[in-house]
Amino acid sequence: MSAPFRLGAGGRIDRSRKLRFWLDRKAYEGVAGDTLASALLANGVHLVGRSFKYHRPRGIMAAGSDEPNALVSVGSGSRFTPNLRATQVELTDGLVAQSQNRWPSLGRDFGALNDVFSPLFPAGFYYKTFMWPKSAWKRIYEPKIRAMAGLGRAPTLPDSDTYTQRYAHCDALIVGAGPAGIAAALAAEAHGARVILCDEQAELGGSLLAETKATIDGKEASAWLSDALSRLSHSPNVRWLSRTTAFGCFPHNMVGLAERLTDHLPSPSEGRPRERLWQVRAKEVVLATGALERPLVFPDNDRPGIMLADAARQYLARYAVKPGTRVVVVTAHDQAYRAATELAEAGVEIAAILDIRQDASGSWAEQARGAGLHILSSTTICATSGRHRVSSVEIAPVGRDGKVGPRSRLACDLVLMCGGFTPAIHLFSQARGKLRFEERLNAFLPDGGAEGVRCAGASRGIFGLDAAIADGVAAGEAAARDAVGGGVEAAHSPVPLPKDLDGRRLDPLPHDRSPHRVKAFVDFQNDVTAKDVKLAVREGFRSIEHIKRYTTTGMATDQGKTSNMNALGIAASALDKPLPDVGLTTFRMPYTPVTFGTFAGVARGELFDPVRVTPTHDWASAHGAVFEDVGQWKRARYFPLKDEDMHRAVARECQAVRQSVGVFDASTLGKIEIVGPDAAEFMNRIYVNPWSRLEPGRCRYGVMLREDGSILDDGVVGRLAADRFHVTTTTGGAAQVLNHMEDFLQTEWSGLDCWLTSTTEQWAVIAVQGPDSRKILERLVDDIDLSAAAMPHMSVREGHVCGVPARVFRVSFTGELGFEINVPADHGRAVWQAVLDAGFSRSLTPYGTEAMHVMRAEKGYIIVGQDTDGTVTADDVGLSWAIGKTKKDFVGKRSLARPALSDPGRKQLVGLVTEDPELVLEEGAQIIAEEPTASHRSAPHKMIGHVTSSYFSATLGRGIALAMVAGGRRRMGETLYVPMPEGSIKAVVTNPVFLDPEGKRLDA
Amino acid sequence: MQKFSALALLRHAFGGHEGWRPQWRSPEPKGTYDVVIVGGGGHGLATAYYLAKEFGISNVAVLEKGWIGGGNTGRNTTIIRSNYLFDESVALYDHAVKLWEALSQALNYNVMFSQRGVIMLAHNVHDQQSLKRHIHANRLNGVDNEWLTASDAKAFCPPLNIENSMRYPVIGAALQRRGGVARHDAVAWGYARAADALGVDIVENCAVTAIRRGVNGALEGIETTRGTIETRKVGVVTAGNTSTVMAMADLRMPLESYPLQALVSEPVKPIFPCVVMSNTIHAYISQSDKGELVIGAGTDAYVSYTQRGGLHVPMHTLEAICELFPIFRRLRMLRNWGGIVDVTPDRSPIIGKTPVPGLYVNCGWGTGGFKATPGSGHLFAWTLAKDEPHPINAPFRLDRFRDGYLIDEAAAAAVAH
């Protein structure tokens, strides 16, 4: 089973380490250093996949991340990964790969029927059909289309791997570790720059890895490479990252890198992250991203065994693999001669080199000629044959007039094509660099415009090893100079383009067949042919963006790396426009696909968002509390005893507070300390309330508005001193309120002398509420007079509780006599325990947010965000008393003057009681004024409001609700209707204060 | 207009598809039009189509600075639904859904409207209150929207994670079965082809450079990069660039323009049967007919006209996607992009007249305009033709920001579009 196409010597592989792997349950053998693609080729396997639309057999076309065809699924279970390029999958022992998009097998795929009927399926055919009968779209057509589409299967088990993320800063980030990139890194490092060098491949070196003969500085290329890497690895200023793709350029030289850490390991150790996202902020970026070889567009150019010429050379040089035994080369570029020559030297028979050009006189061509290779100029390919592997080609001469002459047939098992090279300008373009079209290369080249980003080597059209290294040195020096200064005066300017690398073929090759009958592929993966591009133009799609979208060319998982320029060339010819006038589609991140998990990093489960807990959380947890999420906080919702449900637990908790005393952790409330000579003035502006005459030691319920006049937040504010306010906000609104305040303080009122500090997490807040609350507190407080006379409702005192410095508020959200003890958070748990101990004899009952909600609703206290939404004003919820009528201005005041905000039809807060006291309305239920007649289901109904809060009140023995109802305050006593799917519910409008409207209990 | 059908495809197959003609012409702009629509996105093209089709006004030009459908029409995540809260919004968006349901046949262009159902997730009590409020309001307005328990939601969308180990577990969901997705490009092209067939000139690569007004202030014409056009009625439908176009008529719009990003995965076989949205943890997702997962979230934080945003925004989106659908963590992002959305103070659109006689505007769709395309076009055409709004778009007037009669969907529901 040893690989028959592996050479006995050469290559950067380790023949002593044999690796066994499977494709579609067939076992093969490769060696360490192989990719899945090179190992398959070494075994003579070319058929690897099926195309997207026509399910045509496809082989390995490229050697890197530009591969469009050879997509496979790798792994199993929780590590199953679809759509990987075989050219990028590093071989590991035991690797299991599956081909995709075929049924029942890769060899026999029923989907290939699409190819037979392909005349019916030109570009965009689906826009023209599947419309009749209308109902068939949902039931038949769309499910069928979807089943045919897609590539691999999605994983069905949650990913068991983990991912990690890092930030980094550097002077020069160098992307691409080919000759130009390495030269740039050496130069930048030598001039004192901190360098990060990254490359998408497992080994750094780029094209140097396939240089078997060239010398650099008098050394063999491979020796130069290892010396250079050794120097870089010994420098404290250089970090190099292999298997790391720079996938995106973001504003201000932020570059995203995706580093693959474990996929190349046969059995990664448990817990080691699979990939790492780097967010690198680089002073200077050097893009040495190389160039991508272009295929040629000729009939049936997609059979397995038809490859890019330089890719074949790389398989030979790097992996010691002969991709075929008898080769036909077809080219429009001199680089293919090099591939042919090197393959011939390795003992591969070169049947012929077909050059579409009239003469090839470059140095590579001369070498090939010198080696006696059979060269046919002005020759094209009219046809290829071979079902699962190319077996022959039909070639024909092309006359000076463009006429195709008589065909002849050449048997072969490998066809190499080369249409030239496309500089990889993706990242440069993402960085918003400008491009210009270079006629001589038929390529777009970088043309400035991206600050702090420069290209080097082939990515800016500078080909040839020596030139690339020189360009890399210049770019590295220039980047170092711009990043760290110093005496370097490096000019980094274009060098002349070498003539012998001239390649300029973007049109399909001429042939003698009916253009309607042949398929000459442009985008291999998406099955877009030259005639599809022409059809799009014929149908009026003139912009390249339209052509792309209509034909889907360039939209496959390779994002057009091999296809975009050919599509553009064909489109330009069809439109009869110069190519640059047709334009380019936008380059977008990522350069190659990046795993979702890499972006998500550690953010899963508990780490998805910080969990904020109060000082009593563990106690509550131990006492059986059921928690709810409120923003990031975990809040105890209720404390069920034994087999109590929420309803019974809440009823018990409420009764305890109403009859004796309860304790509640209110620590989550937002707290902001506002301090400074202008603190009161700031408060006057940000709140609707007046604050100037609030005496230190007193509290006030504050309401603040958005600029549009709607309620933003509320909360009790205590004035501790003339220049100091202790502000509280809602739990969910804390951050938003601080932002709102800072926004105004910093941008509108920068003259005000005061400071805002978030103190939410500095204070633990323990609310002791109920008729007996004073008695409990008195046992814990020494230095504050808690008597009703000394400390009335809505006052605040500073002193000590259990010997701990405290701010004690006499406030109530339950309607009972109550206190809120603020102590430093670290003492919260201890003081909580002291309160519990002090209240033991009085059956002090811990209660949760649900009981708190019920009790505040009994009192008609609103919750911002539940009873209000962003449309509700202070007056709507009966809070116009809070507005300082004589204040000149406050945020939102101007908006209140708009007619809509005093419309008598506005919704107003009311109470609702159902006819049936046992019934609890559903929160969110809508309210109508007229009793629904025949069928309450008949819509539409004129809705006049909705239920905002609704509970069963154990204290009142009935369901109560708060609601926002149009003109609600004028409707007291009216019967309204709440139409539910099961039937309409009658409810009577009441005052929203259901309990103790005079507030006697508060003032106890 | 060449009729599109399976039979036509078959017939043309014999001729090697040589017989297909341009789906819309590429005319030189004329000197005069009855109505000029500025902006060749879905809304603008739909407006032109309905002007010609419903109101007999076919001497119409659609001027597009670049290529039609190249703005937000071609950049959105194609979600269509009408389960909005307020009566005004429901009327507007459901008008559109009804047109969507017959759009492929009306245009003879398969826009692939797929009523796969849209699920909006509740993760906490507040979400549940809000979604229930929507469900009840929708029901009384005759619009479908139903409550699902977490396990119902899982049954409707099997990849959904409803485990309690989630940071914000799913406690329920609202489902609008009539909601779904469509093929965005086809909407632009279908409207363009149908409008062109009715005589509308679709002029691409034609930017408006000035708006000319007479002594009485009324509109008299416009200057473009392809010459002067005389017209008494101009409808501006330029989404993220509305402010800059309207400034040419000295109108300052209550709009802010933000980048909104979206992304797709590599295509996979069918795995995701519906649309899922979560406002609380910021993500929405569906699978396209091609097999890509189409994913979006909220806008970037800062105003901008550049069609890209920060990396942290798609990162946060994918955190949410991986949390909701842990089986997707190994899938890969294929492409990320941005568009510019124009956001009004109440997050509802503006469709109607302006203080300049003859100048009309349709803008402010924010992050959710695609779903409204047919309805928006139809109502704007009505407004242009009759010089008064249709009852459905009457509340969506520009001067509501002056008198305060807002339609504040975002404030009321805090649900992304």
Exercise. Hey, which of the strands (runs of 3 or more DSSP E) in the range B:208-297, taking only ones fully inside, have at least 1 residues that are within 14 Å of chain A (Cβ to nearest Cβ) and under 22 Å from the mean Cα position of the chain (by Cα)?
Worked result: B:256-265, B:275-278, B:283-287
Exercise. Got a sec? Which of A:290, A:256, A:324 is at pLDDT 95 or above and within 14 Å of chain B (Cβ to nearest Cβ)?
Worked result: A:256
Exercise. Is there a residue being part of a helix (DSSP H, G or I) and either among the polar types (S, T, N, Q) or crowded, with 24+ Cβ neighbours inside 10 Å (or both) anywhere in the range B:160-183?
Worked result: no
Exercise. Of the residues A:433, A:476, A:472, A:449, which is more than 23 Å from residue A:563 (Cα to Cα) and in a loop (DSSP other than H, G, I, E, B)?
Worked result: A:449
Seminar exercise, completed: The condition from (1) touching a helix residue (DSSP H, G or I) at 6+ places or on another chain (Cβ under 6 Å); (2) within 14 Å of another protein chain (Cβ to nearest Cβ); (3) hydrophobic (A, V, I, L, M, F, W, C); (4) farther than 24 Å from residue A:163 by Cβ that residue A:89 misses is numbered (4)
Problem set entry | Selection from the range A:870-900 of residues that are within 14 Å of chain B (Cβ to nearest Cβ), hydrophobic (A, V, I, L, M, F, W, C) and surrounded by fewer than 21 Cβ atoms within 10 Å (Cβ to Cβ) | A:896, A:897, A:900
Seminar exercise, completed: residue A:956 passes all but one of the listed conditions (1) over 22 Å from residue A:854 (Cα atoms); (2) surrounded by fewer than 19 Cβ atoms within 10 Å (Cβ to Cβ); (3) among the hydrophobic types (A, V, I, L, M, F, W, C); the exception is number (1)
For this session: State whether the residues of the range A:587-609 include one that is aliphatic (A, V, I, L, M) and over 30 Å from residue A:262 (Cβ atoms).
Result: no
Exercise. Taking into account only those residues within the range A:575-622 that are among the polar types (S, T, N, Q) and either closer than 27 Å to residue A:81 by Cβ or facing another protein chain (nearest Cβ under 7 Å) (or both), which is surrounded by the most Cβ atoms within 10 Å (Cβ to Cβ)?
Worked result: A:598
For this session: Output yes when any residue across the range A:219-236 is crowded, with 18+ Cβ neighbours inside 10 Å, assigned to a strand (DSSP E or B) and touching a Leu at 6+ places or on another chain (Cβ under 8 Å), and no when none is.
Result: no
Exercise. Got at least one residue in the range A:745-759 being in contact with a Pro (Cβ under 8 Å, 6 or more places away or on another chain), part of a loop (DSSP other than H, G, I, E, B) and either assigned by TED's automatic domain parsing to the domain that holds residue A:806 or of a type in the set (S, T, N, Q) (or both)?
Worked result: yes
Seminar exercise, completed: Going through the range A:896-936 in order, the residues found to be among the hydroxyl-bearing types (Ser, Thr, Tyr) and under 11 Å from residue A:987 (Cβ atoms) are A:914
Exercise. Does the range A:147-168 include one or more residues that are loosely packed, with under 13 Cβ neighbours inside 10 Å, under 29 Å from the mean Cα position of the chain (by Cα) and within 30 Å of residue A:252 (Cβ to Cβ)?
Worked result: yes
Exercise. If you go through the range A:13-61, how many residues are of a type in the set (Val, Ile, Thr), outside any strand (DSSP E or B) and more than 29 Å from residue A:147 (Cα to Cα)?
Worked result: 1
Exercise. What residue, among those in the range B:308-364 that are crowded, with 24+ Cβ neighbours inside 10 Å and hydroxyl-bearing (Ser, Thr, Tyr), is farthest from the other protein chains (Cβ to nearest Cβ)?
Worked result: B:360
Exercise. Which one is farthest from the other protein chains (Cβ to nearest Cβ) among residues in the range A:978-997 that are surrounded by fewer than 19 Cβ atoms within 10 Å (Cβ to Cβ) and over 21 Å from residue A:876 (Cα atoms)?
Worked result: A:996
Problem set entry | Single residue of A:359, A:302 found to be modelled with pLDDT of 95 or more and not in a strand (DSSP E or B) | A:302
Problem set entry | Candidates B:95, B:134, B:43 - the one that is assigned to a helix (DSSP H, G or I) and at the interface with chain A (Cβ under 8 Å from one of its Cβ atoms) | B:134
Exercise. Quick one: which of A:311, A:352 is outside any loop (DSSP other than H, G, I, E, B), in contact (Cβ under 8 Å) with a residue 40 or more places away in the chain and under 42 Å from the mean Cα position of the chain (by Cα)?
Worked result: A:311
Exercise. In the range A:366-400, what residues are more than 17 Å from residue A:323 (Cβ to Cβ), touching a residue at least 60 places away in the same chain (Cβ under 8 Å) and among the hydrophobic types (A, V, I, L, M, F, W, C)?
Worked result: A:381, A:382, A:383, A:395, A:396, A:398
For this session: Answer yes or no: is there a residue in the range A:548-559 that is at the interface with another protein chain (Cβ under 7 Å from one of its Cβ atoms), crowded, with 24+ Cβ neighbours inside 10 Å and in contact with a helix residue (DSSP H, G or I) (Cβ under 7 Å, 6 or more places away or on another chain).
Result: yes
Exercise. Can you tell me which of B:69, B:42 is in the same structural domain as residue B:238 (by TED's automatic domain parsing) and at positive phi?
Worked result: B:69
For this session: Select from the range A:379-391 the residues that are at pLDDT 95 or above and either out of contact with any Asp or Glu (no Cβ under 9 Å at 6 or more places or on another chain) or closer than 29 Å to residue A:443 by Cα (or both) and list them in ascending order.
Result: A:379, A:380, A:381, A:382, A:383, A:384, A:388
For this session: Provide a single number: the residues in the range A:825-863 that are closer than 16 Å to residue A:767 by Cβ, hydrophobic (A, V, I, L, M, F, W, C) and part of a loop (DSSP other than H, G, I, E, B).
Result: 2
Exercise. What's the number of the condition residue B:402 fails, among (1) within 27 Å of residue A:902 (Cα to Cα); (2) surrounded by 20 or more Cβ atoms within 10 Å (Cβ to Cβ)?
Worked result: (2)
Exercise. Do any residues in the range B:281-307 that are under 16 Å from residue B:180 (Cβ atoms) have Cβ atoms under 6 Å from those of residues that are modelled with pLDDT under 95 and assigned to a loop (DSSP other than H, G, I, E, B), where the two are at least six apart or on different chains, and which pairs are they?
Worked result: B:290/A:149
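Okay, residues lined up against (1) outside any loop (DSSP other than H, G, I, E, B); (2) at pLDDT 95 or above; (3) within 39 Å of the chain's Cα centre (by Cα):
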| residue | (1), (2), (3) |
| --- | --- |
| A:684 | yes, yes, no |
| A:694 | no, yes, no |
| A:704 | yes, yes, yes |
| A:720 | yes, yes, no |
For this session: Tell me which residues, restricted to the range A:184-243, are of a type in the set (Asp, Glu) and under 29 Å from the mean Cα position of the chain (by Cα).
Result: A:199, A:200, A:203
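The values are calculated or read from the model by the stated rules, or taken from the named source; none is laboratory data. Since we're looking at a predicted model, the values are computed, not measured. Note that we place each Cβ from the backbone using ideal geometry, even for glycine, and neighbour counts take in every protein chain shown.
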